[in-house]
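One structure below.
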Amino acid sequence: MAYRLKTATALIGALVLAMAVPAHAEKIFVSNEQDNTVSVIDGDSLEVVDTINVSRRPRAMALSNDKKYLFVAGGDDEAVDMIDIATHELVQTLSSGPDPEVIRVDPNRPYIYISNEDDNIVTVIDYEKRTRVTEIPVGVEPEGIGISPDGRWVVNTTETTNMAHFIDTEEMRVTQNVLVDARPRHAEFKHDGSEVWVSSEIGATVSVIDMDKFEIKHTINFDVPGVTRESVQAVGVELSSDGKRAYVALGPSNRVAVVDQETYEVLDYVLVGQRVWHLALDTAEKRLFTTNGVSGDVTVIDVETNEPQVSIPVGRFPWGVIVVE
Amino acid sequence: MYLNDSHEQSRERRFFSSNVCSRLVGTAAGLLMATALAAANDQVRIGFIGLEPDGQEPVSLLDVVAEDDGLAGARLAIEDNNATGTFMGQEFILEEKILPRDGDVAAAAVELVNGDVKWILSALPREKLNTLLDAAGDATVFNVAAPDNVLRNEECRANLYHTVASRRMLTDALAQFLIYKRWTRWALVVGNTPEDEQGAEALKQSAERFGAEIVSEKKWPHTPLARRSEGGFHAIQREVPVFLQDLEDHDILLVIDETDYFGEYIPHQTWVPRPVGGTQGLTAAAWHRAHESWGAVQLHRRFERRANRWMSPVDYAAWVAVRSLGEAATRAGSVEEGPMLDYLKGESFQLGAYMGEPVTFRSWDRQLRQPILVAGPRMVVSVSPQEGFLHPRTLLDTLGDDEAETGCKN
């Protein structure tokens, strides 16, 4: 009941927020793993305005460098769909190699890096030429992929090998490896490129890796009051561009941790929907969108107050989220 | 209880026709170059002792008899360990001993120990496991096949770990789901082997613990039947309902037939329309081909590509045992017995095992603490522990012997 009340006041808050910020035609894309769809949420009304049919088992998404296209990895179709952001039309489907899970786009070249969970490789494809550039062998069950802001380094995490493998994108091979905690899921670079944050689902930690030394400089632990240790599982990570705040999705604990990017101190835990998986800040970095797999919705958090504002029902098992202006 | 799905496997073969071995070697070589770890690897030798199949044909033609039950799981985990080991300068080697049914377990154990093997997986039944322990000295033994509760209690040993679930964990897992369903009146039909008696005993303990009532119990008058006979169902369809006719009114019929003599005949042949569970029908298992959550599909695929069959609970237990040793060597940064054991015994031990939360070892009997699947023949129905049961430490300790009731003194 308390939550409902909060939601009601939150709704008003969201309205005020919406009125305060001029309309910026922001769109939020959410991949629904079980529905084979992507929900499109309008950034102003916070309502689902379209549902796009995509390849089967859509999980990670990424944007083309000109921000005109959305890429969606379809795990069961061994494909990456390329969708026009303006029209929501499918432009083309690229062959991805087996079971693509996470994708990232090279900031300097039309390359997509794809983790092929089943094959112990990272596949690189050229989305303009529609060709496979190369395959890079990594550890067992590649999952998370991060790319440094300058495009020099791609980091890939492997869930069974429990490592972050650093791929030098000039040589297209692994040159550094860092052991992290159990079942690493996601890798996110700091906006200045000095660190990469790697979350571990089973280890329930985030390893902060120093990019000069390729060493862990800090490990962030999460202890959510009143929640069993087993249900705290670190997955999605989002870092603010000013280098101050970090957000970590804690899976079945239904919480998002708010972390100080400079001191690594956990500042707050925000209650969201069930099994929170991934996160995205909006372009103004005032709102955080979270995908909640089990409750099938997206929570909008006001990052000034760390209060959940509203829940938006989407498809079944929402997985990834990406905000486009 | 696994079936070969030829469709799935032919699909796999199509996509992975490239030689898996060459790819793996390629991976390892690439990573080796990458890390420039030229130094000779530190080695961890792990022994595996199992028995040849007993030659009994399964009741259902859908079941296959695996020649390498358990062993295939251990082999896969060795590969997984070596993927990490490549970066750590560590190498894992499996020493396999598959014995005839009457083979000399003690001699095999001594041979392993004399060959500097400090860790042994046992895919043996209880009595032969005890023979192995008597011969293996200080070596640490992982029980991957024997579910006997007594091995976790009076017969426990300080160097014995269990990655296979105990009977009690399985019956507790099933019982919790039945309580959740409010199917609290159980009728029992029990086979006449010693294993079946222990299974019935575990089920009664679970009923007591969670508040179910056993309203009737009958022993199946088993005499060995020919496994293959055309038209056997004519007799079954007449005999089984009559045998079950005098059971008191119940919510579910629970069958205990661990040796696969008769249980498969019971579902749909009951006198009154009731679901059937236990060792057939709705079962509890640590692993199941239909388990797909938490990345489990990855493990199925890796396993099936190598073994050409489905992963069994014994394969899974062997995989967990070898991966536990891999994790110990990785985290301890050492292949020495002392540091690895310290990690295995320590508070920080945890392993990702495709069950949605870390698996760990209980300090009082060294039993793997793990969720248990509740499944029908073709789908996972639920995962225990069930929400709503409570435990001061972890809900996982509502499955199996808890600290306060353990009979383990070692």
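Bear in mind that the values in this text are calculations on the coordinates, not laboratory data. Keep in mind it's a predicted model, so treat the numbers as computed, not measured. Heads up, the Cβs are rebuilt from the backbone with ideal geometry, glycines too, and the neighbour counts pull from every protein chain shown.
May I have the convex hull volume per residue, in Å³, for the Cα set of chain B? Don't jump to the answer; show the numbers that get you there.
Values: hull volume 59.4 nm³, N = 410.
So the per-residue hull volume is 145 Å³.
Suppose each label sits 7 Å from its Cα in the direction of the beta carbon; what would the A:THR219-A:ALA284 distance come out to in nanometres?
If labels sit at A:THR219 and A:ALA284, their model points lie 4.0 nm apart.
Quick one: work out the % antiparallel among DSSP beta bridges in the protein assembly as shown, nearest 5. Could you put the intermediate results ahead of the total?
Working: 121 of 160 bridges.
About 75 percent, rounded to the nearest 5.
If you add up the charges near B:PRO275, with Lys and Arg at +1 and Asp and Glu at -1, over every other residue whose beta carbon is less than 11 angstrom from its beta carbon, what do you get?
Numbers: positive: B:LYS181, B:ARG274; negative: B:ASP251.
Here the charged neighbours net out to +1.
Just add up the charged neighbours of B:GLU127: K/R +1, D/E -1, any other residue whose Cβ is under 15 Å from the Cβ of B:GLU127.
Residues near B:GLU127 contribute -4 overall.
Please determine, in degrees from 0 to 90 and to the nearest 10, the orientation of helix B:6-15 with respect to the longest principal axis defined by the Cα atoms of chain B, where the helix direction is its Cα long axis.
Approximately 20 degrees, to the nearest ten.
How big is chain A by Rg and Dmax over its Cα atoms, in Å?
Cα only, chain A: 18.4, 57 Å (Rg, Dmax).
Apply the Kirkwood formula to the protein assembly as shown: the hydrodynamic radius equals the inverse of the mean of 1/r over all pairs of different alpha-carbon atoms; give it in Å with one decimal.
Values: mean 1/r = 0.0366 Å⁻¹.
Computed over the protein assembly as shown, the radius equals 27.3 Å.
Do any chymotrypsin sites (Phe, Trp or Tyr not before Pro) in the range A:43-144 lie in a DSSP loop with no more than 15 other beta carbon atoms within 10 Å, and if so, which? If you can, show how the numbers build up before the last one.
Working: sites: A:TYR69, A:PHE71, A:TYR111, A:TYR113, A:TYR127; in loops: A:TYR127.
Answer by residue number: there is no such site.
Determine the sum of side-chain charges near B:GLU264: Lys and Arg each +1, Asp and Glu each -1, restricted to other residues whose C-beta is under 10 angstrom from that of B:GLU264. Walk me through the numbers on the way to the answer.
On the way: positive: none; negative: B:ASP63, B:ASP257, B:ASP260.
Counting the neighbours of B:GLU264, the net charge comes to -3.
Could I get the Rg over Rh figure for the range A:211-303? Both from C-alpha atoms, Rh via Kirkwood, rounded to two places.
Values: Rg = 13.2 Å, Rh = 13.5 Å.
Expressed as Rg/Rh, it is 0.97.
As a footprinting exposure proxy, order A:VAL206, B:VAL255 by other Cβ within 10 Å, with the fewest listed first.
By the 10 Å Cβ count, ascending: B:VAL255, A:VAL206.
Show that you can apply the helix-only estimate: for chain B, add -39,500 (n - 2.57) for every DSSP H stretch of four or more residues, divide by all residues, and state [θ] at 222 nm to the nearest 500.
Numbers: 11 runs with 148 residues, N = 410.
Rounded to the nearest 500, the figure is -11500 deg cm²/dmol.
Find, among the trypsin sites (Lys or Arg not before Pro) in the range A:262-308, those assigned to loop by DSSP (not H, G, I, E, B) with at most 15 other beta-carbon atoms within 10 angstrom.
Sparse-neighbourhood loop trypsin sites (Lys or Arg not before Pro): A:LYS286.
Helix-only estimate, please: 222 nm mean residue ellipticity of chain A, summing -39500 (n - 2.57) across DSSP H runs of length 4 or more and dividing by its residues, to the nearest 500.
Taken over chain A, the calculation gives -2000 deg cm²/dmol.
Specify whether the C-alpha gyration tensor of the range B:87-225 places it in the rounded, prolate or oblate class, a ≥ b ≥ c being the square roots of the eigenvalues: rounded for a/c under 1.5, otherwise prolate if a/b is larger than b/c and oblate if not. Could the numbers behind the result be given before it?
Values: a/c = 2.94, a/b = 1.93, b/c = 1.53.
Judged from the Cα gyration tensor, the range B:87-225 comes out prolate (a/c at least 1.5, a/b above b/c).
Residue by residue through A:136-146, how many Cβ atoms from other chains fall within 10 Å of the Cβ on average?
Working: counts 3, 10, 5, 7, 10, 7, 0, 2, 0, 0, 0.
That works out to 4 on average.
Measure off 7 Å from each Cα along the Cα-to-Cβ vector at B:ASP54 and B:LYS345, then give the distance between these two points in nanometres to one decimal.
3.6
Under a point-charge model restricted to the Cβ atoms of Lys and Arg (+1) and Asp and Glu (-1), what is the dipole moment magnitude of the range A:136-239 relative to its Cα centre, in debye to the nearest 20? Walk me through the numbers before you get to the answer.
Working: 8 positive and 18 negative charges, 32 e Å.
In debye, rounded to 20, the range A:136-239 gives about 160.
Peptide B:290-303: average number of partner chain Cβ atoms within 10 Å per residue?
On the way: counts 0, 0, 0, 0, 4, 8, 0, 4, 9, 2, 0, 5, 5, 0.
Per residue, the average neighbour count from other chains is 3.
When the Cα centres of the range B:171-190 and the range A:266-294 are compared, how far apart do they sit, in Å?
40
Hey, what angle do you get for helix B:105-114 against the long axis of chain B, alpha-carbon based, 0 to 90 degrees rounded to 10?
20
Find the all-direction average of the projected area of the Cα convex hull for the range B:168-285, expressing the result in square nanometres with one decimal place. Write down the numbers at each step before the final one.
On the way: hull surface 27.4 nm².
Projected area, direction-averaged: 6.9 nm².
Count neighbours as other Cβ atoms within 10 Å of each site's Cβ, and list the GluC sites (Glu not before Pro) in the range B:326-410 that are DSSP loop with at most 14 such neighbours.
Sparse-neighbourhood loop GluC sites (Glu not before Pro): B:GLU336, B:GLU347.
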